[in-house]
């Protein structure tokens with residue numbers, strides 16, 4: 001038995017009983033890999049560590065530690081290393097201005113999520129049910145990801161601004177200009193456009209797993225298209241729907257670029273406030289405290305939403 | 001008036017004609033099977049009756065009302081799907097009550113009828129389970145109950161028993177017959193499995209390559225198959241090549257080697273002198289007797305008095321309970337199989353093989369009568 005996995009000049013037939021069947025052809029890299037496999041097979045703990053270690057390490061390094069650091073900072077006065085205080089939290093939670101911004105952010109996020117879910121589900125459904133060119137259409141759905149987020153936002157500025165592409169086209173058609181840029185509508189359009197692919201992919205995945213026979217069975221038993229959708233299609237794909245909603249709701253709630261670029265001065269969202277604390281006001285502890293509160297609120301909202309979704313549709317979505 | 005009337009039903013998928021001018025009827029209370037190899041178009045016929053496919057041509061009438069063009073949820077038929085298609089997110093009771101709910105039956109009546117149906121399929125107390133907690137046979141029962149509870153005019157079956165093992169399948173066949181009689185419902189059952197079809201059906205519709213081969217009772221199809229395909233497909237058959245040498249009023253003379261045997265006219269398709277034909281005989285109609293060990297009978301002439309006979313050697317035997325199946329290498333006609341009761345031969349025994357000309361069926365060899373489909377369904 002070789003003790004070291006890196007014994008390069010070990011002949012293949014000498015690297016373990018399990019390898020005897022490999023014959024003489026196994027040598028060099030193959031022999032080394034098999035040696036490592038054998039080595040780890042005999043040490044289950046080490047093997048578990050080798051497999052699970054890296055992802056956990058990354059999670060700890062880039063998620064747990066920064067979150068902890070933020071938590072610590074959020075309890076400090078004025079600046080990092082300042083005195084311990086609860087002021088950051090009390091200031092935020094008692095400020096009507098900030099809470100109004102949170103409420104606005106919540107409303108926009110709900111609207112965006114609802115629009116994206118509806119449009120995305122319709123899109124995914126039509127790709128699955130009515131199209132033969134599924135791969136091409138999916139490619140088109142994710143194609144925008146090849147371009148930078150910021151550039152795409154500037155493209156929307158170009159389209160939506162007064163005398164921009166949209167208004168010019170409307171003008172050609174003899175319709176009045178809209179001048180949508182710097183309105184709530186512009187923000188909704190921008191978000192819908194950016195997050196749509198994130199929702200379409202999980203919707204698509206769950207819809208392709210849906211057994212077409214179940215749809216036929218439902219119709220066979222007397223349910224029309226709408227009844228069938230509500231009592232079979234939607235419950236059977238609820239996991240994908242929840243995934244899509246989570247993927248859209250969370251980044252919308254924390255977003256600051258889209259509302260800054262497309263929204264007006266009075267369309268402030270909470271992400272912009274947090275960004276401002278870190279980049280302009282240099283009040284990191286206050287920014288960290290808002291961040292913590294928002295994180296807790298979002299997680300709580302999602303837990304409630306998922307419970308509700310699960311309750312509505314029973315065991316739902318266990319597509320085999 | 002037939003409950004279901006199908007006339008000139010045709011379905012084309014692009015260039016492929018899946019169903020070609022199919023006519024048949026199903027009477028009220030009957031158990032009719034559509035039997036055919038995979039790719040024969042039998043499932044497509046069923047799907048057109050259910051409303052999942054629109055016919056290219058032809059009409060389907062249920063209770064004398066045309067149903068072509070009406071959506072599946074408006075047709076008074078219910079289907080038991082091949083993979084059952086039970087709703088995994090609903091309980092057994094909810095699955096069964098699904099159709100009643102759609103038609104607006106109030107909750108307490110729904111519960112009552114679901115309970116009755118669970119009792120009918122012998123699954124009392126299973127209502128609160130989910131389909132995944134049931135065995136294959138139990139799931140079949142739920143699927144059946146889900147269709148029957150709506151009291152449809154016609155229940156359609158798309159080979160639902162094919163996934164079960166033989167013993168359970170035979171049991172479910174019996175259950176199907178019992179439930180059909182108890183509920184007095186009409187069943188239209190699609191299968192490629194002749195054993196299932198023969199066991200359960202009042203009448204059979206044999207389909208091949210989209211066309212009807214024969215419609216009749218099980219006995220008619222077995223005893224008087226109209227084509228070589230039907231003869232082969234319904235039960236086993238031996239075929240001996242021959243040539244027609246004379247067509248008389250009282251019979252047809254067929255030479256299957258060196259002698260002509262006259263067979264009754266009633267058994268044959270229209271044949272003419274010099275046609276190449278297959279003379280077909282069921283294994284159970286073949287008589288086997290011991291021959292002299294020295295093989296002196298080898299050149300015994302085929303009798304012209306209405307018996308086919310030759311000698312041969314036993315090459316295989318398989319015990320099948322009440323009888324034994326022998327494979328016999330004959331001197332005249334190659335390998336034949338025979339089912340013999342209460343006689344025992346060993347491998348390599350020399351035997352004489354004979355059967356009555358009255359039992360044979362004669363079909364022209366025109367090349368397209370052989371069984372076996374092309375392509376999946």
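The values are calculated or read from the model by the stated rules, or taken from the named source; none is laboratory data. Treat the numbers as computed from the prediction; the structure is a model and nothing was measured. Cβ sites come from the backbone with ideal geometry, for glycine too, and all protein chains shown count toward neighbours.
Condition check: crowded, with 24+ Cβ neighbours inside 10 Å and more than 25 Å from residue B:338 (Cβ to Cβ). Does residue B:207 satisfy that? Answer is yes for this residue. Restricting the range A:211-239 to residues that are in contact (Cβ under 8 Å) with a residue 40 or more places away in the chain and outside any helix (DSSP H, G or I), the residue that is surrounded by the most Cβ atoms within 10 Å (Cβ to Cβ) is A:237. Across the range A:150-165, the number of residues qualifying as under 19 Å from the mean Cα position of the chain (by Cα) and exposed (fewer than 12 other Cβ atoms within 10 Å of the Cβ) comes to 1. Among the numbered conditions (1) more than 13 Å from every other protein chain (Cβ to nearest Cβ); (2) not in a loop (DSSP other than H, G, I, E, B), the only one that residue B:68 does not meet is (2). Quick check on the range B:131-141. Is at least one of its residues more than 20 Å from residue B:95 (Cβ to Cβ) and either in the same structural domain as residue B:234 (by TED's automatic domain parsing) or free of Cβ contacts under 8 Å to residues at least 12 places away in the same chain (or both)? No, that holds for no residue. Restricting the range B:121-139 to residues that are more than 14 Å from every other protein chain (Cβ to nearest Cβ) and outside any loop (DSSP other than H, G, I, E, B), the residue that is modelled with the highest pLDDT is B:138.
May I ask you to verify whether residue B:86 is assigned to a loop (DSSP other than H, G, I, E, B), in contact (Cβ under 8 Å) with a residue 12 or more places away in the chain, within 14 Å of chain A (Cβ to nearest Cβ) and buried (at least 21 other Cβ atoms within 10 Å of the Cβ)? Walk me through how you get there before you give the answer.
Numbers: assigned to a loop (DSSP other than H, G, I, E, B): yes; in contact (Cβ under 8 Å) with a residue 12 or more places away in the chain: yes; within 14 Å of chain A (Cβ to nearest Cβ): yes; buried (at least 21 other Cβ atoms within 10 Å of the Cβ): yes.
Considered against the rule, which asks whether it is assigned to a loop (DSSP other than H, G, I, E, B), in contact (Cβ under 8 Å) with a residue 12 or more places away in the chain, within 14 Å of chain A (Cβ to nearest Cβ) and buried (at least 21 other Cβ atoms within 10 Å of the Cβ), residue B:86 comes out as yes.
Conditions (1) outside any helix (DSSP H, G or I); (2) touching a helix residue (DSSP H, G or I) at 6+ places or on another chain (Cβ under 6 Å), marked per residue:
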| position | (1), (2) |
| --- | --- |
| A:169 | no, no |
| A:177 | yes, yes |
| A:186 | no, yes |
| A:206 | no, yes |
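Taking the range B:96-107 as the region of interest, how many residues are more than 9 Å from chain A (Cβ to nearest Cβ) and either assigned to a strand (DSSP E or B) or within 33 Å of the chain's Cα centre (by Cα) (or both)? Don't jump to the end; show me each part of the working.
Within the range B:96-107, the first condition is being more than 9 Å from chain A (Cβ to nearest Cβ), and the residues that meet it are B:96-97, B:104-107.
Now drop any that are not either assigned to a strand (DSSP E or B) or within 33 Å of the chain's Cα centre (by Cα) (or both), which leaves B:96-97.
Residues in the range B:96-107 being more than 9 Å from chain A (Cβ to nearest Cβ) and either assigned to a strand (DSSP E or B) or within 33 Å of the chain's Cα centre (by Cα) (or both): 2 in total.
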